[in-house]
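The values are calculated or read from the model by the stated rules, or taken from the named source; none is laboratory data. What you see is a predicted model, and the numbers here were worked out from it, not measured in a lab. Methodologically, a virtual Cβ is constructed for each residue, glycine included, from the backbone with ideal geometry; neighbour enumeration extends over all protein chains shown. Note: areas computed on protein heavy atoms with side chains; ligands, DNA, RNA excluded. Shrake-Rupley method; radii C 1.70, N 1.55, O 1.52, S 1.80 Å.
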Amino acid sequence: FYTNARILIEHIREIGAIPVLYQTWAYKNGSEKLEKTGLSYDGMYAGLKDAYEKLGNETNTEVVPVGTAFYQCAAEYPDIDIYDKKDNYHPSAEGSYLASCVFFYKLLGGKKRISFTAGLDKKTAYTLQRIAKHTVLPKRRLTNIFYHLIVLVFTAVFDCGEEFSRILSDGGLSDEKW
């Protein structure tokens, strides 16, 4: 894995392109294919995650954490079947959509919205988009927490939380608004 990936990364850079590593996912928890590896679901996920992160760090290459998104989805939304029912390894339509959303947010950031649902119901598509976004942009969660904390403090101290919240949502602070 490491040797061949390094060679590919080098060739990609030689032609002027920017390589990224597509972090794959663990086989479905409880599947026959996973049992044959002798690994636990958590163990296979951790091994893959560590291998991709190590390679990414050593080669200064971005990792697209699709495997992490699969792991989060399986843990938080077990009713969304992200694995193909035939082999419990390849992605289902939902799994493919989740992977594409991870790439979307990794390559384009969090400011763009995804309107395409790939034929999935809107609730499932939105859930998979949210998992992908939070997997790729985990700092966003902290930002939202701090935003609400700031509004709470301004409400408690200055009794202007609603006004402060409106100002922030209008694009920031200016002398005119204060």
In nm, spacing of pseudo-spin labels at residue 39 and residue 130 (7 Å Cα→C-beta vector): 3.0 nm
Rg and Dmax of the stretch 1-124, Cα atoms only, in Å: 15.7, 44
Inter-label distance, nm, simple model (7 Å from Cα along the C-beta direction), residue 20/residue 117: 2.5 nm
Percent accessible area from carbon and sulfur atoms, the stretch 47-134, protein chains only, probe 1.4 Å: 51 percent
Inter-label distance, nm, simple model (7 Å from Cα along the C-beta direction), residue 93/residue 32: 2.6 nm
